[in-house]
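What follows draws every value from the coordinates through simple rules; no lab data is involved. Not measured: the values here are computed from a predicted model. Here Cβ is always computed from backbone atoms with ideal geometry, including for glycine, and neighbour counts include all displayed protein chains.
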Amino acid sequence: MKKVLIIDDDETWQKVWSMRLGKRVTLLPALSIPEAEKIFSEHTDIDLIAVDACVPGDEINTQPLIRKIRETFAGPMVAVSKSSFSRECLVRAGCDHESEKEWLHGKVVRILKLI
C-alpha cells in the first residue's frame, strides 16, 4: 500500500483525510514540523507528501521544511491550504501540486493513480 505523509496541525482535517483515504493508502499524519521531520526520516518509502502552509498557527512557516525534504525526496508534494496565496508560496518552495483541504483526498487519488 502507498504511504502518504500529511503535515497539518488541524486534527479535524487529519481525521477527515483518514476517513476518506485510510482504506486506499497508509497515512502518516504529522501535527507539527518536528513530528514531520521525524516521520520523514523514519520512512524512506513515502510515496506522496501533503503540506499545509501554517503548522502551527496562521503564518506561513513550512517553506524551509519543504526545501529540506526536497533535498532527498523527488516524489510528489502537494501544497494544501484554503488560501491560494499560501499554496503559491509552497509551490515556489518546492511543491509540485496544490489543493484546497476539502479536495486533497481526490488529488492524492489522482496523483497516485488509485482509481
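For the chain, a crude dipole built from +1 on the beta carbon of Lys and Arg and -1 on the beta carbon of Asp and Glu, taken about the Cα centre, is about 560 debye to the nearest 20. In order along the stretch 65-79, the phi-based Karplus estimate (6.51 cos²θ - 1.76 cosθ + 1.60, θ = phi - 60°) of 3J(HN,Hα) comes to 5, 4, 4, 5, 4, 4, 5, 10, 10, 9, x, x, 10, 10, 7 Hz; Gly and Pro are listed as x. Global size of the chain: 12.4, 35 Å for Rg and Dmax (C-alpha atoms, Rg to one decimal, Dmax whole).
Taken over the chain, lysine pairs spaced eight or more positions apart, or on distinct chains, with alpha carbons under 16 Å apart number 14. For the stretch 75-115, the residues whose amide N sits under 18 Å from a probe point set 7 Å from the Cα of Glu59 along the beta carbon direction are 86-87, 89-90.
For the stretch 72-115, the percent of C-alpha pairs falling in each 10 Å distance bin, counted from 0 to the bin holding the largest distance, reads 31, 53, 17. Approximating the spin labels as points 7 Å out from Cα along Cα→Cβ, the Glu35-to-Glu102 distance works out to 2.5 nm. All other residues whose Cβ lies under 12 angstrom from that of Val80 are scored, Lys and Arg at +1 and Asp and Glu at -1, for a net of -3.
For Ile69, Ile46, what ranking results if the residue with the fewest other Cβ atoms within 10 Å of its Cβ goes first? Numbers along the way, then the final one.
On the way: Ile69 23, Ile46 18.
Ordered by Cβ neighbours within 10 Å, fewest first: Ile46, Ile69.
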